[in-house]
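For reference, the structure is listed below as structure tokens.
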Amino acid sequence: MSEAAHQSSPSRWVRRASEPMARAFAGRRWFPLWAVVHHRGRKSGTAYDTPVAVVPTIAADVILIGLPWGPKTNWARNIVAAGGAPITWKGRMQQTAGARIVGAEEVAALARPFFRPIVRRFPAAIVLSRE
């Protein structure tokens, strides 16, 4: 496997080790860095609930979800194809719209200053507007 391919997706053991913790904490009011995105498969129509990391932003009406594994993950493609998705974040369900994938520089411009060095390393992120 090439180094670029290795960096674009998490290893199986990382996913298996982190998924139970992510599912336990995501969307909880007392854990604001993780949320749950509720989306449907583009082709199958199957409903999914995916835990994601939310990047704190400088704009209150913007939700930023980092894509450290790249923009080709199925859940990211599902959200963009649908134009948005409901998100359980900070203990509340929030509707979103205007889903789009942006590059590292735009992500850094939207993120709070403390998080900018981190998100600059992501290949992309999804930007959503709160409805």
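Each reported figure results from applying straightforward, stated rules to the coordinates on display, with no laboratory input. Predicted model only: the values in this text are computed from it and were never measured. Cβ coordinates were reconstructed from backbone atoms using ideal geometry, including for glycine residues, and neighbour counts include every protein chain displayed.
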Report summary line: Fraction of alpha-carbon pairs in the range 30-131 farther than 17 Å apart, rounded to whole percent, equals 46
Query raised in the report: Using 7 Å Cα-to-Cβ label points, what is the Ala82/Ile58 separation (nm, one decimal)?
Result: 3.0
Query raised in the report: Using a basic spin-label model with each label point 7 Å from the Cα along Cα→Cβ, how many nm lie between Arg92 and Phe114?
Result: 2.1
Query raised in the report: Given H placed 1.01 Å from N in the peptide plane, which residues other than close sequence neighbours of Gly84 have an amide H under 5 Å from its amide H?
Result: Ala99
Report summary line: Once Lys43 and Glu131 are pulled to full extension, the length gained, defined as 0.36 nm per residue separation minus their Cα-Cα distance, is 29.1 nm
